Amino acid sequence: MGLVRLGLVVLLLSGCFSGVAHAQIDDSAEVDDAQLPPTDYGAGYKMIMVHQHQEHAPGPGDDPFGEGQITLDLLFPLIADPRTAEAKNYNTAIRQVIPQWWKAIGGPKDNSQSADPGTGYNLNCVPVGEPAAYGQPPEDQMLPGVISMSCVADADLLASGTANGGFAWGYNWLLSQHRPIQPDDIFTPNSGWLKALTVLLDTDRKRFGLAPWAVKLDAADRHHWVLGSAGLGFTYSNSDFSGYGSPCEGCLDVIPWSKLAPYLRKGGVVPQADWSASLPLSYK
């Protein structure tokens, strides 16, 4: 297990817009990834990346440091050619939640005012298994029937030359149940999984010199979780370590399933073949 920094990259640059920019999700502004074919990252459906990129000149007094264009950037995965009910439900769910996340980081619904607030907004959600853009182990894939992604969002405050530090979180959707993953989908209830996971994560934070001086870790918060075949990824924002000057915005700590095997639920979302093969003899 170990901490790695998410290497988010833009998979597709769609057309840029100058002048008036609109930040709301609009089907006419979405462009499917034409450079990469639809890809099955392991969940059982082929995914496409949707990228909405907009930029425009700052308003009067918004850009005294000369940073240039103000950008608004969204990136997220959809199921290509959704025909089943579970595919349609996932696409509907992600389309509903993306605007909520955009609003939560302060992204403007309509950026057509004459003087822009001087802030560039970025929200990138990248699927597990995308090697060009993701910080997990290269062999990692989504779990069957679970669409998992890691999201990073930030707002660059151009007028002051600073940034807000950014936010990072995970999103995991159980296709058959049409809902986000819950702990009981992964772990046996009352098995002690929460204590074990907390110890493993805190051990890693200390080992990497990122002791949680001011922040108590909530390992049960599934919004930190990013599920993959290699293990349970736990993604952090700066404030999850020291709250100031941390090098770990968007860091991801992957706990191998073998270390959590005594607590995993048989018949749960983690296939037993993925977590029992590498168990110590005492667990077999």
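For the reader, a short list of remarks on this structure follows.
- When residues of region 30-71 are limited to those that are of a type in the set (A, V, I, L, M) and surrounded by fewer than 18 Cβ atoms within 10 Å (Cβ to Cβ), the one modelled with the highest pLDDT: A57
- Output for region 174-205, where each listed residue is among the polar types (S, T, N, Q) and more than 12 Å from V270 (Cβ to Cβ): S176, Q177, Q182, N190, S191, T198, T203
- Unmet criterion (only one of (1) modelled with pLDDT of 95 or more; (2) within 20 Å of C151 (Cα to Cα); (3) not in a loop (DSSP other than H, G, I, E, B)) for E86: (2)
- Which numbered condition V269 misses (of (1) in contact with a Gly (Cβ under 8 Å, 6 or more places away or on another chain); (2) farther than 22 Å from C125 by Cα; (3) at pLDDT 90 or above): (2)
- Residues in region 196-219 that are surrounded by 11 or more Cβ atoms within 10 Å (Cβ to Cβ) and either at pLDDT 95 or above or of a type in the set (F, W, Y) (or both): A196, L197, F208.
- Qualifying residue in region 234-243 (condition: at pLDDT 90 or above, crowded, with 16+ Cβ neighbours inside 10 Å and either among the charged types (D, E, K, R) or in a loop (DSSP other than H, G, I, E, B) (or both)): no
- Selection from region 89-130 of residues that are part of a loop (DSSP other than H, G, I, E, B) and either at pLDDT 80 or above or surrounded by 15 or more Cβ atoms within 10 Å (Cβ to Cβ) (or both): I105, G107, P108, D116, P117, G118, V128, G129, E130
The values are calculated or read from the model by the stated rules, or taken from the named source; none is laboratory data. As the structure is a computational prediction, the values presented were derived from the model and not from experiment. Glycine gets a Cβ as well: all are built from the backbone with ideal geometry, and neighbour counts include every protein chain shown.
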